[in-house]
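Here's the structure, in structure tokens; my notes come after.
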């Protein structure tokens, strides 16, 4: 009688696609632009608040440019402005540009997403511990959720990079003329906590009261720019065929891993 071996067979290692590089050289027309000062605005500064009392929330104030001019401070606001032909159309120039891009690296992405999934699944486990009211540190839950997050992250990274290609796509770009319409002042309080006194509650635990005080205010200024479309042109780009880029894949993996950690911790309880 033939006896079949019960010895476990080794798991086949996943095969990874090698990234492919695409390079193109194209000649096309782009608008001629020149840096131009559109106006002026105040410089960022800090206002000391010696008394400690004051507004503790961030607020903004908007200022308009009157008579088409902004000369409200020492900081010049510069933008690239299109140059024009005699007939008022945007002036163009011909350039030659080489673009190079690689398809997604399946191996690197799989390993990276495995790490992201494991790490954020562990964070989710601690959040789940707080939700169920148990200890935030649960070794079994941490181990299970980290393994699940790593496996899920690896699988998603592998799948999201599979079959990715880089294609040439021509896109339309607007030619826009900027105009400074004003500026915005953002006032951010610089706060600190001042101890008011401490006492012991009915359980003998020390409790302390703090009051929020304002040390001063940061005044930050940013220009308000309007853009008027005056034309358009086309330029080449290299784009990936797969939907998820590295950032999108990382965010999705992290979110799923964190939720998995919360669920596992809740199932295991305290």
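The values are calculated or read from the model by the stated rules, or taken from the named source; none is laboratory data. As the structure is a computational prediction, the values presented were derived from the model and not from experiment. Every residue, glycine among them, receives a Cβ derived from its backbone with ideal geometry; neighbour counts consider all protein chains shown.
Structural remarks
- Considering segment 60-110, and only residues there that are touching a residue at least 12 places away in the same chain (Cβ under 8 Å) and in contact with a helix residue (DSSP H, G or I) (Cβ under 9 Å, 6 or more places away or on another chain), the residue that is surrounded by the most Cβ atoms within 10 Å (Cβ to Cβ) turns out to be 109.
- Counted residues, segment 36-59 - those being more than 25 Å from residue 78 (Cβ to Cβ) and either touching a residue at least 60 places away in the same chain (Cβ under 8 Å) or not in a loop (DSSP other than H, G, I, E, B) (or both): 11
- Test: residue in segment 10-22 that is closer than 25 Å to residue 239 by Cβ, modelled with pLDDT of 80 or more and assigned to a strand (DSSP E or B): yes
- Filter result for residue 120 (at pLDDT below 70, surrounded by fewer than 16 Cβ atoms within 10 Å (Cβ to Cβ) and either in contact with a helix residue (DSSP H, G or I) (Cβ under 7 Å, 6 or more places away or on another chain) or not in a strand (DSSP E or B) (or both)): no
- Being modelled with pLDDT under 95, touching a strand residue (DSSP E or B) at 6+ places or on another chain (Cβ under 7 Å) and assigned to a strand (DSSP E or B) is a property that does not hold for residue 237.
- Within segment 33-79, tally of residues that are more than 30 Å from residue 213 (Cα to Cα) and under 27 Å from the mean Cα position of the chain (by Cα): 3
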